[in-house]
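Rule-based calculations on the coordinates, nothing more; no lab input. Computed from a predicted structure; not experimentally measured. All Cβ positions, even for glycine, are placed from backbone atoms using ideal geometry, and neighbour counts span all protein chains on display.
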Amino acid sequence: MKKLLILAATAVFGLSLFSCGTTDKVEGSGIKAKDPKVATAKVVLDEWQGSEMGGEIPQWVIELANGNYGEAALAKVMPDIKGKKTFVTIGYGDNLDFVRQWTDLVDIETEVASTLSRVAAKAVQAEMQGKGGESGQKRTDPTTTEKTLNMYRTSLTSVRFSGLEKQAQFWTLSHKVRGKEEFDQKYSYYSVWTIDKKMFEDQLNAAMKNIDDTSTEEKALKDMVRQRLADQLSVHTNDSAEDDKADAEALK
């Protein structure tokens with residue numbers, strides 16, 4: 001009987017400690033597992049444009065390699081692009097001639113329209129699918145969303161953006177190292193294009209003039225998308241995963 005009473009008292013005491021612990025700050029004991037180790041690969045540069053003559057890699061290439069595609073980042077190291085709308089094309093592959101041809105000879109007017117269409121579609125989809133989420137209202141009907149997406153895609157891909165000029169291009173050859181393993185050698189070819197902002201916005205407005213904005217809701221969506229496209233960092237690569245990463249950054 002005494003044993004049962006002791007057990008009961010111990011249980012009550014334990015519960016009271018637990019109850020107090022939920023309201024007061026809980027201090028750590030200092031006992032923890034060792035920090036996990038993650039085997040990350042190191043990128044090693046093998047060669048680059050002009051390296052045989054002792055040339056350096058331009059800082060703007062470093063910015064692009066680090067995912068800083070926007071005018072704000074690039075204008076600090078490329079003064080000539082300040083105040084202009086910037087576009088970046090990047091090609092990856094194991095053959096320099098191929099990535100050079102893809103990046104340099106790309107139909108930039110078409111690719112700009114395609115990039116803007118892609119980002120606009122993602123912005124529209126995110127806005128329409130998330131509508132009513134906070135208020136608990138029913139989200140936009142999928143049929144309506146798809147109809148709106150097609151309207152933006154058609155309007156933006158039908159316009160060729162003229163006036164783009166190439167400002168710079170550069171290539172690098174690199175591979176990855178993890179421990180004693182060496183892998184994924186590839187060329188990266190970077191090109192930076194610019195266009196006068198007023199010229200770009202005039203053409204963007206022309207591209208969006210056929211988008212319905214008769215209701216307040218439609219006008220607000222159109223204004224949001226137009227502003228996104230005017231301000232966003234625009235990147236097109238031959239790697240869809242890289243495009244998705246850049247789009248996610250643009251839509252933050």
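Give me, ordered by chain and number, the residues 5 or more places off PHE161 or on other chains with an amide H under 5 Å from its own placed amide H.
Answer set, sorted by chain and number: ALA113.
Filter the cross-link list LYS84/LYS176; LYS42/LYS76; LYS122/LYS209; LYS42/LYS122 down to pairs whose alpha-carbon distance in this structure exceeds 30 Å. Kindly include the intermediate steps, with their values, before the conclusion.
On the way: LYS84/LYS176 35 Å; LYS42/LYS76 27 Å; LYS122/LYS209 19 Å; LYS42/LYS122 32 Å.
Cα-Cα > 30 Å for LYS84/LYS176; LYS42/LYS122; rest within.
What is the calculated FRET efficiency for GLN227 to VAL177, with r their C-beta to C-beta distance and R₀ = 41 Å, to the nearest 0.05?
E between GLN227 and VAL177, to the nearest 0.05, is 0.45.
Express in nm, to one decimal, how much length is gained between SER215 and VAL44 on full extension, taking 0.36 nm for each residue of separation and deducting their alpha carbon distance. Kindly include the intermediate steps, with their values, before the conclusion.
Working: separation 171, 0.36 × 171 = 61.56 nm, distance 5.43 nm.
Value of the extension gain: 56.1 nm.
Could you tally the net charge around SER162, taking each other residue with its Cβ under 15 Å from the Cβ of SER162, Lys/Arg +1 and Asp/Glu -1?
Value of the local net charge: -1.
With charges only on Cβ, +1 for K and R and -1 for D and E, what is the dipole size of the stretch 77-192 about its Cα centre, in debye, rounded to 20?
Dipole about the Cα centre, nearest 20: 400 debye.
Which loop-located chymotrypsin sites (Phe, Trp or Tyr not before Pro) does the stretch 153-199 contain, where loop means any DSSP state but H, G, I, E or B and the Cβ has at most 10 other Cβ atoms within 10 Å?
none
Within 15 Å, Cβ to Cβ, of GLN101, how many net charges do the neighbouring residues add up to if Lys/Arg are +1 and Asp/Glu are -1?
Around GLN101, the charge tally is -3.
Using only the Cα atoms, what convex hull volume per residue in Å³ does the stretch 147-194 have?
Residue-normalised Cα hull volume stands at 142 Å³.
Between ASP80 and MET199, what FRET efficiency follows from the Cβ-Cβ distance if R0 is 22 Å, with the result rounded to 0.05?
Details: r = 16 Å, r/R0 = 0.74.
Computed FRET efficiency for ASP80 and MET199 comes out at 0.85.
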